[in-house]
Amino acid sequence: MALFGFGKKKEEKKSASCCCSGEGCASGCCDAKEASVLILGSGCKSCQTLEANTRAALAQMGDTQSVVGHVTDFTEIARYGVMTTPALVVDGKVLSSGQVLKPEEIAALLAEARR
């Protein structure tokens with residue numbers, strides 16, 4: 001007997017790590033799973049500038065393999081321990097937060113992180 005929900009099977013979510021259960025969303029967290037370089041932030045001008053500078057740094061380095069993603073969902077951002085945005089995450093490691101880096105600074109961080 002399934003009184004008050006007891007005895008019912010719980011529905012499994014497709015993905016516990018995504019805000020949309022893996023069904024696709026506007027926050028970017030689904031696409032970000034495939035990205036090796038992430039920009040974390042609300043999508044403001046600073047976030048957009050950091051993303052553009054990151055793409056420029058990757059181009060300067062001749063890196064055509066890295067995928068850049070953008071996460072706007074604050075629950076996902078908090079999972080990285082980031083409290084100020086924009087933030088730059090490379091291969092799952094937060095390299096910078098709360099500042100808009102220049103392409104040269106990003107290239108130096110990328111080179112150091114991928115040694």
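For region 6-23, state whether one or more residues are at pLDDT below 95, in contact with a strand residue (DSSP E or B) (Cβ under 8 Å, 6 or more places away or on another chain) and either surrounded by fewer than 20 Cβ atoms within 10 Å (Cβ to Cβ) or at negative phi (or both). No - not one qualifying residue is present in region 6-23.
Listed by first and then second residue, the pairs linking a residue in region 38-52 that is buried (at least 16 other Cβ atoms within 10 Å of the Cβ) to a residue that is of a type in the set (D, E, K, R), with Cβ atoms under 6 Å apart and 6 or more places separating them unless they lie on different chains, are Ile39/Glu51.
When restricted to residues that are open to solvent by less than 60 Å² (accessible area, probe 1.4 Å), within 14 Å of Ser36 (Cβ to Cβ) and within 17 Å of the chain's Cα centre (by Cα), region 58-91 contains 9.
The values are calculated or read from the model by the stated rules, or taken from the named source; none is laboratory data. Predicted, not measured: the structure shown is a model, and the values here were computed from it. A quick note on method: Cβ atoms are made from the backbone with ideal geometry, for glycine too, and the neighbour counts reach across all protein chains shown. The accessibility values were calculated without ligands, DNA or RNA, using every heavy atom of the protein model including side chains. Shrake-Rupley method; radii C 1.70, N 1.55, O 1.52, S 1.80 Å.
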